[in-house]
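Q: Questions regarding the structure given below will be posed in turn.
The values are calculated or read from the model by the stated rules, or taken from the named source; none is laboratory data. Just so you know, these numbers come straight off a predicted model, no measurement behind them. Neighbour counts run over all protein chains shown; Cβ positions are idealised from the backbone, glycine included.
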Amino acid sequence: MTEVFIISDLDKCTGCGICEFACSAKKEKKFNPLLSCIRLVKDEPLITMSLSCRLCEKPPCVAVCPTKALKKSENTGVIMVKEDRCIGCRWCLQACPFGGLGIHPTKKSVFVCDLCEGDPFCIKLCPKEALELMTQETMEEKARISTVKKLLQSISST
């Protein structure tokens with residue numbers, strides 16, 4: 001199984017927040033970014049991007065959960081949450097190097113992107129097409145290509 005996750009294109013993302021509203025509307029039937037499984041990160045003027053679960057091969061969030069409330073699906077790679085087991089300790093949030101999990105503000109249990117069963121609503125509604133499903137290998141290849149293009153532009157402009 002090739003695992004895919006949502007990646008944000010830094011050159012395209014404007015920070016509009018539509019991805020957060022789309023996610024919360026789809027999952028919670030409310031327009032509230034605090035209920036979104038994807039988060040907008042802004043460090044203007046340097047970075048504006050959306051973050052969600054990266055579906056790590058060996059997810060540290062699953063490993064540190066003291067109540068075994070988190071489990072990685074063998075079929076999809078998605079992190080599944082057993083809300084009745086979650087005690088809201090936030091160890092998983094601290095363990096995640098990507099900021100891919102959140103604590104539901106009313107349920108007080110962890111929540112994480114489930115990729116909308118393979119058809120993420122946030123990707124469909126992104127007006128700049130800044131979000132896409134991608135494998136780790138594809139992401140690394142795109143980064144290499146982008147770096148080479150920037151290097152060539154730098155050389156040709158001198």
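Q: Identify the residue in the range 129-156 that is of a type in the set (D, E, K, R) and in contact with a helix residue (DSSP H, G or I) (Cβ under 9 Å, 6 or more places away or on another chain) and, among all such residues, is modelled with the lowest pLDDT.
A: Across the range 129-156, the extreme among qualifying residues is Glu132.
Q: Now, a different point. When you go through Gly100, Gly88 one by one, which is the residue that is over 20 Å from Phe5 (Cα atoms), modelled with pLDDT of 90 or more and of a type outside the set (Asp, Glu)?
A: The unique qualifying residue is Gly88.
Q: Would you tally the residues in the range 10-44 being among the acidic types (Asp, Glu) and under 18 Å from Val81 (Cβ atoms)?
A: The qualifying residues number 1.
Q: Given the structure, is Asp119 assigned by TED's automatic domain parsing to the domain that holds Ile7, loosely packed, with under 12 Cβ neighbours inside 10 Å and under 13 Å from Ile6 (Cβ atoms)? Quick ask: steps written out before the conclusion?
A: Values: assigned by TED's automatic domain parsing to the domain that holds Ile7: yes; loosely packed, with under 12 Cβ neighbours inside 10 Å: yes; under 13 Å from Ile6 (Cβ atoms): yes.
For Asp119, the condition - assigned by TED's automatic domain parsing to the domain that holds Ile7, loosely packed, with under 12 Cβ neighbours inside 10 Å and under 13 Å from Ile6 (Cβ atoms) - is met.
Q: Then there is this: Considering only residues that are in contact with a Lys or Arg (Cβ under 9 Å, 6 or more places away or on another chain) and outside any loop (DSSP other than H, G, I, E, B), which ones fall in the range 103-124?
A: Ile103, Val110, Phe111, Cys116, Phe121, Cys122
Q: From (1) charged (D, E, K, R); (2) part of a strand (DSSP E or B); (3) more than 14 Å from the chain's Cα centre (by Cα), pick out the condition that doesn't hold for Lys142.
A: (2)
Q: Only strands (runs of 3 or more DSSP E) wholly contained in the range 1-100 count here; list those with 3 or more residues that are surrounded by fewer than 17 Cβ atoms within 10 Å (Cβ to Cβ).
A: 39-43
Q: Continuing with the same structure: Would you point out which residue out of Leu101, Leu70, Leu125, Leu93 is in the same structural domain as Ile18 (by TED's automatic domain parsing) and not acidic (Asp, Glu)?
A: Checking each option against the conditions leaves just Leu125.
Q: Among residues belonging to the range 1-57 that are among the hydroxyl-bearing types (Ser, Thr, Tyr) and touching a helix residue (DSSP H, G or I) at 6+ places or on another chain (Cβ under 9 Å), point out the one that is nearest to Ser146 (Cα to Cα).
A: Ser8
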